[in-house]
């Protein structure tokens with residue numbers, strides 16, 4: 001997901017407002033890197049650790065990116081595919097990262113949805129088909145059994161997953177918790193929420209109102225696998241934007257030629273026409289965030305993104 005993109009985002013509100021792509025990556029000050037900050041606080045000047053929630057962490061291919069953006073981050077890697085979660089856990093142990101603790105990576109084994117239930121999960125038998133692993137619609141025919149196994153796995157809303165995963169932590173480190181307005185430091189307990197669950201992304205977002213309210217930025221995959229015809233839940237960009245708007249976000253689709261806003265009156269039905277849905281990434285950002293303008297300027301017209309989605313005279317961002 002945005003593998004060729006490097007952000008340099010502030011881990012504290014109003015500090016280090018730099019964003020750039022891989023060709024000219026920079027990180028502004030703010031004291032996040034290096035060997036600073038002992039005790040239970042964060043890296044650098046003793047601030048609280050940044051927090052990244054990686055839903056659909058796969059085998060951890062984005063972990064180095066998150067560490068580059070947010071030094072000393074506490075990363076919660078949520079992965080529902082048992083085979084992939086095993087591989088991720090083993091890799092972290094080999095690397096010495098461990099699987100818990102402040103400043104480390106916590107692997108959380110769960111599928112993410114909008115209600116607690118047991119779901120069918122389609123698991124690829126070979127790596128070349130792993131991109132098509134994911135939750136399978138209830139009652140749908142279990143196709144391509146030569147390539148996939150169909151297993152039953154519990155599903156939980158992300159709000160509950162994070163509450164359970166942090167229940168033993170000191171109260172100031174539990175998630176999700178409401179944003180605060182400190183005189184200095186981080187307003188939002190979660191610096192970045194990333195969701196990539198192969199078409200069920202909108203379902204995951206809709207089931208996480210507390211997590212969304214606690215998040216500063218949301219990056220999620222928005223593509224044709226949302227369609228019921230392709231094994232998805234039949235959700236839409238409009239539904240995603242509504243869930244995010246309820247938590248105070250604007251929604252943007254990243255692309256090769258433009259950044260396209262689609263919340264509220266900016267929504268266009270063509271976004272949910274099958275031939276235009278493609279394979280894209282969407283960003284949710286708060287209007288009052290000091291990073292908003294920087295992000296939208298730097299992410300407008302990324303050559304790394306998938307090509308145009310055929311919307312003709314679509315409105316561009318402000």
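The values are calculated or read from the model by the stated rules, or taken from the named source; none is laboratory data. These numbers were taken from a predicted model, which means no experiment stands behind them. Backbone-built Cβ (ideal geometry, glycine too); neighbour counts: all protein chains shown.
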Report, by residue number, each residue of the stretch 243-261 that is buried (at least 18 other Cβ atoms within 10 Å of the Cβ) and touching a strand residue (DSSP E or B) at 6+ places or on another chain (Cβ under 7 Å).
244, 249, 250, 251, 252, 253, 254, 255, 259, 260, 261
For residue 280, the lone unmet condition from (1) touching a residue at least 24 places away in the same chain (Cβ under 8 Å); (2) out of contact with any strand residue (DSSP E or B) (no Cβ under 8 Å at 6 or more places or on another chain); (3) surrounded by 17 or more Cβ atoms within 10 Å (Cβ to Cβ) is (2)
Would you call residue 288 surrounded by fewer than 20 Cβ atoms within 10 Å (Cβ to Cβ), assigned to a loop (DSSP other than H, G, I, E, B) and on the phi > 0 side of the Ramachandran plot?
no
Working only within the stretch 114-134, note down all residues that are over 15 Å from residue 153 (Cβ atoms) and either at pLDDT 80 or above or more than 20 Å from the chain's Cα centre (by Cα) (or both).
114, 125, 126, 127, 128, 129
Residues of the stretch 154-172 that turn out to be assigned to a helix (DSSP H, G or I), touching a residue at least 12 places away in the same chain (Cβ under 8 Å), within 23 Å of residue 56 (Cβ to Cβ) and over 18 Å from the mean Cα position of the chain (by Cα), as a count:
0
Any residue that is surrounded by 19 or more Cβ atoms within 10 Å (Cβ to Cβ) and either farther than 30 Å from residue 229 by Cβ or touching a residue at least 24 places away in the same chain (Cβ under 8 Å) (or both) - is there at least one of those in the stretch 126-134?
yes
Please work out if residue 174 is surrounded by fewer than 20 Cβ atoms within 10 Å (Cβ to Cβ) and closer than 21 Å to residue 66 by Cβ.
yes
Check whether at least one residue in the stretch 266-274 is within 17 Å of residue 229 (Cβ to Cβ), under 19 Å from the mean Cα position of the chain (by Cα), at pLDDT below 90 and not in a helix (DSSP H, G or I), and report yes or no.
no
Just checking, does the stretch 142-158 include any residue being touching a helix residue (DSSP H, G or I) at 6+ places or on another chain (Cβ under 6 Å) and surrounded by 16 or more Cβ atoms within 10 Å (Cβ to Cβ)?
yes
Criterion (out of contact with any helix residue (DSSP H, G or I) (no Cβ under 6 Å at 6 or more places or on another chain) and within 30 Å of residue 123 (Cβ to Cβ)) met by exactly one of 288, 248, 278, 199:
278
